[in-house]
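Worksheet: one structure, shown below.
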Amino acid sequence: MISEKMVAAWFERRRSDMVDLLRDLVNTDSHTHDKAGVDDVVDQIRNFLETAGVKTRMIEQEVAGNLLHADIRPAGSNAVPVLLLGHCDTVFPKGEAARRPFQIVGARAYGPGVADMKGGLVINAFVLAGLKALAPDGLPVRALFTSDEEIASPVSRDEITRTSRNVRAVFNAEPGRPSGNVTVGRKGGVFMRVDVEGRGAHSGSHFTYGISAVEELARKIIGLHALTDLDKGVTVNVGVVKGGLTLNTVAPSASAEFELRYVDARHRNEYMARIENIIATEHVHGARAKLTVTGEFLPLVQTDAAKAIYRIYDSAAAAVGVHFGEEFSGGCSDAGIPCSLGVPTLCGTGPVGGGAHTVEEYIEIDTLLTRAQTLAVAIVRLLDER
């Protein structure tokens, strides 16, 4: 049995090492579609883990960033493992790290992806290294570092699903809430695109010949936004609109990107049917529209088993001398994938932070240490329940 005091002390001695790895990762651009950048982040994590004696296995991808497995399970062990989950991609374009490199100002650290979720990657990597150091023969703990969560994991989803089967629990290292809480529930989300085809025409001499794709799209947008029902926790948001050629041309084409978010899984199919009906309804005679689902996140639901995992995590935090409450978030994450398989899942176990996807993104730098200590102690307690 590993002493919890030894666990906390191991991380305390490596506080500056954690910050150094975080600095290196934040200063590496890794936009989802920047394969070289994402691969660089993955390679840095792999080098750190292998130096710490942690076994790794790379799954190379042709277009997306590579995926990385890490494992400290004893050879030949049949014990059901705990899984640590995290993604290496960010939303920031190439060059952002040079423009806004990692920096610490007061009690906070700043930089692109510092919260979402390079801080969480550091925690997962150090938890693996720490548990390996304190239990050289190994423990049933593994991790998966993915590459495309920011676009709903089209490449990583199948590997997350395979890896999440037959695990005891999943801890997903998205950033802790600005309140300091971990995330016990999340909305599901469907990302979509609608393309509208009309017919171009001169808006003066041949106005009636034209079929305005912009007008058709505008009328559909009104219908889409009208689906929002805040009492049910259902929202529809059209976030990107494009279309037309010039102000004196009847628009031959238009498109929009939008999303559906929901709390109750039963609402997913109901509202998708209503969206499909809106897209299929013709407002401008002759206009045609096509709906495409571009990505999907599954909801994170706090089951009784997940509540038990949170209680263990909360008690571990108390042992470290801190407290992290629980909170629901309207945001989406990969945590919904293992949850959909019936695996108890806790999200937001990365450092406490805020401003994700903005230039104000930050973490509370001290929580890089305390969250790592908490997660490691929680895993020890969970494994001791066997």
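The values are calculated or read from the model by the stated rules, or taken from the named source; none is laboratory data. Bear in mind that the values here come from a model prediction, so they are computed numbers and not experimental data. Please note: Cβ atoms are built from the backbone with ideal geometry, for glycine as well, and neighbour counts cover all protein chains shown.
Determine if the stretch 5-22 includes at least one residue that is surrounded by 13 or more Cβ atoms within 10 Å (Cβ to Cβ) and farther than 26 Å from residue 320 by Cα.
Checking the stretch 5-22: not a single residue is surrounded by 13 or more Cβ atoms within 10 Å (Cβ to Cβ) and farther than 26 Å from residue 320 by Cα.
Looking at 289, 316, which one is touching an Asp or Glu at 6+ places or on another chain (Cβ under 9 Å), under 30 Å from residue 207 (Cα atoms) and among the hydrophobic types (A, V, I, L, M, F, W, C)?
289
In the stretch 267-282, is there at least one residue being touching a helix residue (DSSP H, G or I) at 6+ places or on another chain (Cβ under 8 Å) and among the acidic types (Asp, Glu)?
The answer is yes, given that some residue of the stretch 267-282 is touching a helix residue (DSSP H, G or I) at 6+ places or on another chain (Cβ under 8 Å) and among the acidic types (Asp, Glu).
Name the strands (runs of 3 or more DSSP E) wholly inside the stretch 103-174 in which the number of residues that are within 23 Å of residue 313 (Cβ to Cβ) and assigned by TED's automatic domain parsing to the domain that holds residue 312 is 3 or more.
141-146, 169-172
Could you pull out the residue among 344, 351 that is in contact with a Leu (Cβ under 6 Å, 6 or more places away or on another chain), touching a residue at least 12 places away in the same chain (Cβ under 8 Å) and closer than 30 Å to residue 4 by Cβ?
Within the list 344, 351, the selection yields 351.
Do any strands (runs of 3 or more DSSP E) lying entirely in the stretch 221-303 carry at least 3 residues that are under 11 Å from residue 194 (Cβ atoms) and touching a residue at least 60 places away in the same chain (Cβ under 8 Å), and which ones are they?
Because the criterion is at least 3 residues that are under 11 Å from residue 194 (Cβ atoms) and touching a residue at least 60 places away in the same chain (Cβ under 8 Å), the strands (runs of 3 or more DSSP E) in the stretch 221-303 that meet it are 253-262, 288-297.
Hey, which of the helices (runs of 4 or more DSSP H) in the stretch 10-100, taking only ones fully inside, have at least 3 residues that are over 24 Å from residue 164 (Cα atoms) and over 22 Å from the mean Cα position of the chain (by Cα)?
15-26
How many residues does the stretch 282-302 hold that are of a type in the set (S, T, N, Q) and closer than 22 Å to residue 338 by Cβ?
Within the stretch 282-302, residues that are of a type in the set (S, T, N, Q) and closer than 22 Å to residue 338 by Cβ number 1.
Being among the aliphatic types (A, V, I, L, M) and under 18 Å from residue 80 (Cβ atoms) is the filter; apply it to the stretch 146-187 and report the residue that is nearest to the chain's Cα centre (by Cα).
160
Can you find, within the stretch 23-58, the residue that is nearest to residue 103 (Cα to Cα) among those that are surrounded by 21 or more Cβ atoms within 10 Å (Cβ to Cβ) and among the aliphatic types (A, V, I, L, M)?
Checked the stretch 23-58; the qualifying residue nearest to residue 103 (Cα to Cα) is 26.
Looking only at the stretch 54-83, count every residue that is in contact with an Asp or Glu (Cβ under 7 Å, 6 or more places away or on another chain) and not β-branched (Val, Ile, Thr) and tell me the total.
6
Which residue, of 346, 382, is modelled with pLDDT of 95 or more, of a type in the set (A, V, I, L, M, F, W, C) and either under 21 Å from the mean Cα position of the chain (by Cα) or under 30 Å from residue 193 (Cα atoms) (or both)?
When all the criteria are applied, what remains is 346.
Within the stretch 193-204, is even one residue part of a loop (DSSP other than H, G, I, E, B), modelled with pLDDT of 95 or more, surrounded by 24 or more Cβ atoms within 10 Å (Cβ to Cβ) and not acidic (Asp, Glu)?
Yes, there is a match, as at least one residue in the stretch 193-204 is part of a loop (DSSP other than H, G, I, E, B), modelled with pLDDT of 95 or more, surrounded by 24 or more Cβ atoms within 10 Å (Cβ to Cβ) and not acidic (Asp, Glu).
What residue, among those in the stretch 267-312 that are of a type in the set (Phe, Trp, Tyr) and within 23 Å of the chain's Cα centre (by Cα), is nearest to residue 184 (Cα to Cα)?
Only one residue tops the list, namely 310.
Sort through 265, 169, 226 and tell me the only one that's touching a Pro at 6+ places or on another chain (Cβ under 7 Å) and loosely packed, with under 15 Cβ neighbours inside 10 Å.
Answer to the check: 265.
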